Amino acid sequence: MIRFLSQVGLYFLLLKKVFSKPEKPIVYYKQTMREFVYLGLTSVGIITIISFFMGAVITLQTAYNTENPIYPKYLIGLGCRDSMILEFSSTIAALILAGKVGSNIASELGTMRVSEQIDALEIMGVNSASYLILPKIIATLLFNPILTLISIIVGIFGGGIAGTLAGVMTPENFIYGIQYAFIPYYIVYSLIKTVFFAFIITSVSSFQGYYVEGGSLEVGRASSKAVVYSSVLILLFNVILTQLLLS
Amino acid sequence: MIRVENLYKSFNGKSILEDISVTFETGKTNLIIGRSGSGKTVLLKSIVGLLEINSGEIWFEDVLFNKLDFKDKKVIRSEIGMLFQGSALFDSLTVEQNVRFPLDMFTTKTLEEKNDRVNSCLDRVNIINANKLFPAELSGGMKKRVAIARAISLNPKYLFCDEPNSGLDPITAILIDELIKELTEEYAMTTIVNTHDMNSVMEIGEKIVFISDGKKCWEGNKNEILISDNETLNDFVFANSLAKKIRYPDK
């Protein structure tokens, strides 16, 4: 318990260092642009592929579970849309990003720690926590909502394609379904969750990597811990945020 | 000048350094020597503030460094260059960007001025046509030289080198030693080198501090080290069989 509390304390002390005033904003700006590409743009591919197939599967499962004639066919499109917006494009995509981006961040910072690159920054008088972590947080906070929007669009598109090709509904039914009883607030809800999840992924993974002690084995462990802890916190905050935002 | 007084450092209750007091002189290559695990690196990292000490004082000229807050330490740190054991070059930056990094962070020079400084530092350490290479593309000796170029890019007053020769062949090791000595004289720096390499000791040891089991055992220069009657020191200095035969021809 004491160890857990000291880790939580250390996490918040790290955040305090991260959010202190940058030494030279222009250098941080360049670093943030680099992280946009490194953490954001390189995730577009995997999010697109996974979202397409998630949308396809949701559509087919909804179709096969609502074969009763009393259910109108447009419900398939509605189910696909709401599932993607409310849960899959924010939470499931965040879990996938926790694996990809989280392990990436933890191993990068961990390697920098064990190869004394972080010490080198400190010796120069650079606030290493802020220089290394703040651009990652800013980049993911700004870019992950874009990934969520891409995921929603591609997922619904994937659902439409799969449903049409499988012959479980007509394109007209699907398009009517995705427009039916649309609540714009659901998009806001999804984006708010994404922002929280982005912060969890980046800060928790950075914390795991930044404080690595030892060698390559510990870097690997930190990377695993980053994914596990980020995922658990994402699931926990998913419940909390859902209760707060939808109740 | 850097002065250390009554320095104590422990990890989890285990004492690593005990009552270390030593003065490192300006314009000289000061060496900290000792066996692996004797506390050399802990001492070096304590002096530069990477490790918090338990008690004692670390003076940079007339400034009590270990009592400064992060903001004030930054002023002193802008005058420090450090060469790490593994070079610690930033993997994601090219050679040129690595050397330019301190200039980007702490100066208001134009890009052209910064690049001029980068090229002069790289020329000084004999790195030619490698500006666009990444650290992974460099040999061990080149990495060390680029790290030295980065360390001197801001004209430091203090240079710290942690095992500058580790992993290098003897000829490259001598070149690195000579470079450190030349730069120390050229920039009139206070240089502290951590090493267990006796070749370095004999090449550049203008002032030598011998650490054993976390305590200062001996202090002197490269001429005095060969005639010392300190047994612990002699065990270290004459550890290899060739040196033993020279020192103790009758044994």
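Model label points for B:N240 and A:Q7, set 7 angstrom from Cα along the Cα-to-Cβ axis, are 4.6 nm apart. Helix A:216-246 and the longest principal axis of the C-alpha atoms of chain A enclose an angle of approximately 50°. Under the convention that each Lys and Arg Cβ holds +1 and each Asp and Glu Cβ holds -1, the size of the dipole of region B:80-155 around its Cα centre is about 200 debye.
Roughly how large is the A-B contact in terms of buried accessible area, totalled over both chains, probe 1.4 Å, nearest 100 Å²? Approximately 1900 Å² gets buried when A meets B. On region B:159-249, 52 percent of the accessible area sits on carbon and sulfur atoms, based on a 1.4 Å probe. Fully extending the segment from B:E5 to B:L133, taken as 0.36 nm per residue of separation minus the present Cα-Cα distance, adds 41.8 nm.
Residues whose amide H lies under 5 Å from that of B:C161, counting only those 5 or more places away or on a different chain, are B:L83, B:I192, B:V193, B:N194; hydrogens are built 1.01 Å from N in the peptide plane.
Sorted on the mean count of surrounding Cβ atoms within 10 Å across their residues, most packed first, peptides A:71-80, B:38-47 read B:38-47, A:71-80.
Near B:W218, the amide H atoms lying under 5 Å from its own belong to B:F210; only residues 5 or more places off or on other chains count, and H is placed 1.01 Å from N.
Quote the FRET efficiency, to the nearest 0.05, computed for A:I26 versus B:S78 with a Förster distance R0 of 22 Å and r equal to the Cβ-Cβ distance.
Result of the calculation: an efficiency of 0.75.
Rounded to the nearest 10 degrees, the angle from helix B:170-187 to the longest Cα principal axis of chain B is 70 degrees. On a 0 to 90° scale, report how tilted helix B:95-106 is relative to the longest principal axis of chain B, with both axes built from alpha carbons and the result rounded to the nearest 10. It works out to around 80 degrees. For the residues A:G177, A:G110, A:G155, a GNM of chain A with alpha-carbon springs under 10 Å puts the largest fluctuation on A:G177.
Each residue, A:K17 and B:N12, gets one label point 7 Å from its Cα in the Cβ direction; the gap between the two is 2.0 nm. Treating r as the C-beta distance of B:V63 and A:T42 and R0 as 35 Å, the FRET efficiency rounds to 0.15.
Could you pull out the pairs from B:K40/B:K144; B:K28/B:K157; A:K24/B:K67; A:K17/B:K157 whose alpha carbons sit more than 21 Å apart here?
Over 21 Å Cα-Cα: A:K24/B:K67; A:K17/B:K157.
The phi-based Karplus calculation (6.51 cos²θ - 1.76 cosθ + 1.60; θ = phi - 60°) puts the 3J(HN,Hα) values of region B:10-20 at 9, 10, 6, x, 8, 6, 10, 10, 10, 6, 8 Hz, whole numbers, x for Gly and Pro. Assuming R0 = 56 Å, can you tell me the calculated FRET efficiency for the pair A:L142 and B:E231, based on Cβ-Cβ distance, to the nearest 0.05? It comes out at approximately 0.30.
Could you check how much of the accessible area of region B:80-155 is carbon and sulfur, as a whole percent, using a 1.4 Å probe? That share works out to 47 percent.
The values are calculated or read from the model by the stated rules, or taken from the named source; none is laboratory data. Keep in mind that this is a model prediction, so the values were computed, not measured. Note that each Cβ is placed from the backbone with ideal geometry, even for glycine, and that neighbours are counted across all protein chains shown. All accessible areas refer to the heavy atoms of the entire protein, side chains included, with ligands and DNA or RNA removed. Shrake-Rupley method; radii C 1.70, N 1.55, O 1.52, S 1.80 Å.
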